[in-house]
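Novice: The structure is given below, and queries will be raised subsequently.
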4 protein chains.
Amino acid sequence: MIKVTVWNEGLHETLSTDVAAVYPKGIHNAIKDFLSSQPDITAGTATLKQKQCGLTQEVLDNTDVLIWWGHMAHNMVPDKVVNRVYERVLGGMGLIVLHSGHYSKIFKKLMGTTCNLNWREGDRERLWTVNPSHPIAQGVPAYINLDVEEMYGERFDIPEPDELVFLGWFAGGEVFRSGCCWQRGLGRVFYFQPGHESNPTYRNEDIQRIIINAVRWAAPQNPVQKDEGSPHVKQSPEEKYKAE
Amino acid sequence: MIKVTVWNEGLHETLSTDVAAVYPKGIHNAIKDFLSSQPDITAGTATLKQKQCGLTQEVLDNTDVLIWWGHMAHNMVPDKVVNRVYERVLGGMGLIVLHSGHYSKIFKKLMGTTCNLNWREGDRERLWTVNPSHPIAQGVPAYINLDVEEMYGERFDIPEPDELVFLGWFAGGEVFRSGCCWQRGLGRVFYFQPGHESNPTYRNEDIQRIIINAVRWAAPQNPVQKDEGSPHVKQSPEEKYKAE
Amino acid sequence: MIKVTVWNEGLHETLSTDVAAVYPKGIHNAIKDFLSSQPDITAGTATLKQKQCGLTQEVLDNTDVLIWWGHMAHNMVPDKVVNRVYERVLGGMGLIVLHSGHYSKIFKKLMGTTCNLNWREGDRERLWTVNPSHPIAQGVPAYINLDVEEMYGERFDIPEPDELVFLGWFAGGEVFRSGCCWQRGLGRVFYFQPGHESNPTYRNEDIQRIIINAVRWAAPQNPVQKDEGSPHVKQSPEEKYKAE
Amino acid sequence: MIKVTVWNEGLHETLSTDVAAVYPKGIHNAIKDFLSSQPDITAGTATLKQKQCGLTQEVLDNTDVLIWWGHMAHNMVPDKVVNRVYERVLGGMGLIVLHSGHYSKIFKKLMGTTCNLNWREGDRERLWTVNPSHPIAQGVPAYINLDVEEMYGERFDIPEPDELVFLGWFAGGEVFRSGCCWQRGLGRVFYFQPGHESNPTYRNEDIQRIIINAVRWAAPQNPVQKDEGSPHVKQSPEEKYKAE
């Protein structure tokens, strides 16, 4: 059973009736709901207003994959919480960063770059699969039409992805590396561009399938480890070998 | 001085008046001409109809960077010639493969994949720079409009590029990894998608700049080497070290 | 159930009593035996002396992962057979190339390089895990001692691996990229250096675990596909979208 | 002219007579001296005890490539200084991180990982070139013997390098990815393992050549840029195109 925690600021849905109309229970619960339909996944949620943003050590210790949606309140997440998530990712926990989470503290910290991009609301996107045999692309068609989606365009200031799975095409004329994989420490990180708060993207079945696939791909195969630092090897492997 | 040989089938220009109208002296000479305007580059040409396709050992031994344009006659290039080019690339010669050269024997041999893609003539392209600090992107704007260009679309069946420099957006709705770098052996390979035979793409100054940059990037820093096989190391480095 | 075919020349074991003493039933059967102990793997063998090297279209159509051990007779494998394997790998079949298979036709064809290296028999190796969270490294210790193994040393002329999993240390003073992953087309390729014919490497339980892991990693998630070429897209995605 | 600033804590040399015996003017001046012998390089130094660690905005604005040596006082470098360096690297300044600098704030911030490793003083190293045509390996032999060097061994917790140039072999039995390249933002980063404070490594001519090569490789080709954030594109490229 893969234990997922879906984090969301939970602000847009309470501040905007437009957003609330699309996601009445919030983006986090919309994602939780389709994940929970899977027999091998159990999902919970956490939001900004909870104590420690809902990401206590106990919650993280019980999370295999963390999904992150944030936009207007990146700086309200305390560094202490960000560092706790960071250490857990490096120890093996999977992390899926959605849409405007590109500017979250945790994503920038893992990437080591600005994560800048170009943007414009209310465009139309066609998402292309460029690596169809990747686990995250299983069952996903050659392309997906998204009638309304926020344009995120290049240049996207990220390290060269370990694997590029999806490319976005926008009617307004831009392109974007919309689905990218990296390894950081023992953990796997997937960034996925679609999912603007006022568009019903997370109700699209192909988008849901991608996120479900990404959960399975990012789930750790081993227990998540603590940082053990840089050990001093007093007896060299050669000394040890010859002593045996 | 970087010695460039521009290879072209040289068929379209003689068989089609439309193509001849765009490139009266052939694509090879159009490319040769703008390269020759550079103080550090000297360029020659070679075509299919010449003996050994104009790519004798002597010609290759005097080539630092080979540019390849081919389309309708890939299979007319003898394997012997292909193997000669292949060995030279692995020894350090740069190779720039243009447009329909994606299906050339030499490119497929270096990639180890089918190099399949989707295509449609007569589209409009916007070429985006995704790696602006790459040597091949020096002086190139954020994007280039190409009023008419053949659509090449994903999925492009290539190994994950070592470096992705340009992405193509097409008005018809597709995206493409249009500028990709790989290292093979001691040589550098750049694939660049724009350049359909009936479109004046190679007269676009930004496109010219990219190809000029690519020549400088792909030029070997050392003399090109012969294949030395897999040597049997009779005296180990440790034996040698202790003997000294 | 993952269907594995273990290919071996099957020559060393019949020509050398030393090798026969280590692998009385041949390397292929030694590998087949430990694979067959796994509940999710079923394994068969194929050798050079069989018709079409035992790799008929029918055999390949029933193979999810092909393991390749070859050394003295690389050139006796007909190109027709190599091409058949190549097309199947690009369509999604996994390929695990062992030890001296670095010089096989199929590996060189997929890499697009010489695959040259340095070598010396009768050294001692310590195999280090550099990517411990990689699926192929599951359950594998930080390092494995191999009392006798053939030294394969850098420079190994391969494309930069997509993922580097193991590094080899040799008592004689060399290092080697001993476990490397690449994707080619829809298929996954793993090269693994240990396994000289006169050393009992394939009876080492950690080595067996790595090969078992590699089989699971390389197994295709989808049915293996045929090469569909480069389709002409007559109706663009935009035309299609607007017509709907 | 490439403007280099060599940063060093400058502590070991004042606290240890052993280190002072090896580098009487400090590691920073030893490096500055051999760099200054090059006609295209001008070098200065900066140390921890200077105001703002010697890395004021003015100094950084006049630095093309920053070299970083630190060990015992990583945490004494203020975050404000680290952030200033970070922004400059993302804007295009080159960064060369030496030896124990693997644990510097700036390197960890750019990598997004712990940068943990194993270590043991007083070993012997053989540094292997695995990418001989890389600009950083120009004129460097197949391997370099270092009679005394600190062992840094795998697992090195770094993101998969964009390019792996050198591997380290240690007499005690370990291996290490000793020379690694990454791009971050518009800047190039090179990590190089040799250079323990009590060993005369930086007086080795081959090591000097590698660092000189790395300076040239890391030097920005364009003026270093400021962070411009994520611009809102009000007029889409398509609207702009059609308006023209």
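Novice: Return only the number of the condition from (1) in contact (Cβ under 8 Å) with a residue 24 or more places away in the chain; (2) surrounded by fewer than 18 Cβ atoms within 10 Å (Cβ to Cβ); (3) within 10 Å of chain A (Cβ to nearest Cβ) that D:PRO223 does not satisfy.
Specialist: (3)
Novice: Right, another one. Looking at region A:104-121, which of its residues are of a type outside the set (S, T, N, Q) and under 27 Å from A:GLY92 (Cβ atoms)?
Specialist: So in region A:104-121, the residues of a type outside the set (S, T, N, Q) come out as A:105-112, A:115, A:117, A:119-121.
Residues satisfying the conditions are A:LYS105, A:ILE106, A:PHE107, A:LYS108, A:LYS109, A:LEU110, A:MET111, A:GLY112, A:CYS115.
Novice: Then there is this: Considering every residue within region D:74-94, establish whether at least one is away from every other protein chain (no Cβ under 13 Å) and assigned to a loop (DSSP other than H, G, I, E, B).
Specialist: Just the residues of region D:74-94 that are away from every other protein chain (no Cβ under 13 Å), to begin with: D:75-78, D:80-81, D:84.
Next, from what is left, pick out any that are assigned to a loop (DSSP other than H, G, I, E, B): D:77-78.
Checked region D:74-94: at least one residue is away from every other protein chain (no Cβ under 13 Å) and assigned to a loop (DSSP other than H, G, I, E, B).
Novice: Let me ask something else. Taking the criterion of being under 26 Å from B:PHE34 (Cα atoms), surrounded by fewer than 18 Cβ atoms within 10 Å (Cβ to Cβ) and basic (Lys, Arg), would at least one residue in region B:193-214 satisfy it?
Specialist: Yes, there is a match, as at least one residue in region B:193-214 is under 26 Å from B:PHE34 (Cα atoms), surrounded by fewer than 18 Cβ atoms within 10 Å (Cβ to Cβ) and basic (Lys, Arg).
Novice: While we're looking at this one, here's another question. Which of the residues that make up region C:171-217 are touching a residue at least 24 places away in the same chain (Cβ under 8 Å), within 12 Å of chain B (Cβ to nearest Cβ) and touching a Ser or Thr at 6+ places or on another chain (Cβ under 6 Å)?
Specialist: If the condition is that a residue be touching a residue at least 24 places away in the same chain (Cβ under 8 Å), within 12 Å of chain B (Cβ to nearest Cβ) and touching a Ser or Thr at 6+ places or on another chain (Cβ under 6 Å), then C:GLY172, C:ARG184, C:GLY185, C:LEU186 are the ones that fit.
Novice: Looking at region A:59-73, is at least one residue in a helix (DSSP H, G or I) and either farther than 17 Å from A:VAL189 by Cβ or modelled with pLDDT under 95 (or both)?
Specialist: Taking region A:59-73 first, the residues in a helix (DSSP H, G or I) are A:59-61.
Keeping just the survivors that are either farther than 17 Å from A:VAL189 by Cβ or modelled with pLDDT under 95 (or both) gives A:59, A:61.
Checked region A:59-73: at least one residue is in a helix (DSSP H, G or I) and either farther than 17 Å from A:VAL189 by Cβ or modelled with pLDDT under 95 (or both).
Novice: Just to be sure before I move on: is D:VAL85 touching a Cys at 6+ places or on another chain (Cβ under 7 Å) and either at pLDDT below 95 or crowded, with 19+ Cβ neighbours inside 10 Å (or both) in the structure I sent?
Specialist: Criteria not met by D:VAL85.
Novice: Do we have C:GLU244 as more than 16 Å from C:PRO161 (Cα to Cα), facing another protein chain (nearest Cβ under 8 Å), surrounded by fewer than 22 Cβ atoms within 10 Å (Cβ to Cβ) and out of contact with any strand residue (DSSP E or B) (no Cβ under 8 Å at 6 or more places or on another chain) here?
Specialist: So C:GLU244 fails the test.
Novice: Now a separate question. Does region A:100-134 hold any residues that are among the hydrophobic types (A, V, I, L, M, F, W, C) and within 14 Å of chain C (Cβ to nearest Cβ), and which are they?
Specialist: Matches in region A:100-134: A:LEU127, A:TRP128, A:VAL130.
Novice: Still on this structure, I have one more. Is it true that D:GLU125 is more than 22 Å from D:ARG216 (Cβ to Cβ), touching an Asp or Glu at 6+ places or on another chain (Cβ under 6 Å) and acidic (Asp, Glu)?
Specialist: Here the answer is yes, as D:GLU125 does meet what is asked.
Novice: Okay, moving on. Are any of the residues in region D:82-92 among the polar types (S, T, N, Q) and touching a strand residue (DSSP E or B) at 6+ places or on another chain (Cβ under 8 Å)?
Specialist: Filtering region D:82-92 for residues among the polar types (S, T, N, Q) gives D:83.
Those still in the list that are touching a strand residue (DSSP E or B) at 6+ places or on another chain (Cβ under 8 Å) too: none.
Checked region D:82-92: no residue is among the polar types (S, T, N, Q) and touching a strand residue (DSSP E or B) at 6+ places or on another chain (Cβ under 8 Å).
Novice: Could you tell me which residue of region B:183-192 is surrounded by the most Cβ atoms within 10 Å (Cβ to Cβ), considering only residues that are more than 11 Å from the chain's Cα centre (by Cα) and assigned to a strand (DSSP E or B)?
Specialist: B:GLY187
Novice: A:PHE156 - would you say it is under 18 Å from the mean Cα position of the chain (by Cα), under 28 Å from D:VAL82 (Cα atoms) and aromatic (Phe, Trp, Tyr)?
Specialist: Judged against the criteria, A:PHE156 is a match.
Novice: Follow-up. Limited to region C:164-179, what total is found for residues that are part of a strand (DSSP E or B) and either crowded, with 24+ Cβ neighbours inside 10 Å or of a type in the set (Asp, Glu) (or both)?
Specialist: Result for region C:164-179: 11.
Novice: I'm trying to understand the selection: among the residues of region A:108-134, which are surrounded by fewer than 24 Cβ atoms within 10 Å (Cβ to Cβ) and within 15 Å of the chain's Cα centre (by Cα)?
Specialist: A:LYS108, A:LYS109, A:CYS115
Novice: How many residues are within 20 Å of C:GLU205 (Cβ to Cβ) and in contact (Cβ under 8 Å) with a residue 60 or more places away in the chain if we restrict to region C:7-32?
Specialist: Selection size over region C:7-32: 5.
Novice: Oh, and also: For region B:226-241, what are the residues that are facing another protein chain (nearest Cβ under 9 Å) and touching a residue at least 24 places away in the same chain (Cβ under 8 Å)?
Specialist: B:ASP227 - this is the single residue of region B:226-241 that is facing another protein chain (nearest Cβ under 9 Å) and touching a residue at least 24 places away in the same chain (Cβ under 8 Å).
Novice: Let me ask something else. Look at region D:135-163 and say how many of its residues are more than 14 Å from chain A (Cβ to nearest Cβ), crowded, with 19+ Cβ neighbours inside 10 Å and assigned to a strand (DSSP E or B).
Specialist: 3
Novice: Search region C:11-50 for residues being in contact with a Gly (Cβ under 7 Å, 6 or more places away or on another chain) and of a type in the set (A, V, I, L, M), and hand back the single one that is surrounded by the fewest Cβ atoms within 10 Å (Cβ to Cβ).
Specialist: Top of the filtered list is C:LEU48.
Novice: Quick check on region B:194-226: of everything there that is in a loop (DSSP other than H, G, I, E, B), of a type in the set (S, T, N, Q) and at pLDDT 95 or above, which residue is nearest to the chain's Cα centre (by Cα)?
Specialist: Out of the qualifying residues, it is B:ASN204.
Novice: Going by the conditions given, is B:ASP64 touching a residue at least 24 places away in the same chain (Cβ under 8 Å) and surrounded by fewer than 19 Cβ atoms within 10 Å (Cβ to Cβ)?
Specialist: no
Novice: Can you name every residue in region C:152-169 that is farther than 25 Å from A:TRP182 by Cβ and of a type in the set (D, E, K, R)?
Specialist: Listed by number, the residues that qualify are C:GLU154, C:ARG155, C:ASP157.
The values are calculated or read from the model by the stated rules, or taken from the named source; none is laboratory data. Keep in mind that what you see is a predicted model, and the values were worked out from it rather than measured. When we count neighbours, we look across all protein chains shown, and the Cβ atoms used for this are built from the backbone with ideal geometry, even at glycine.
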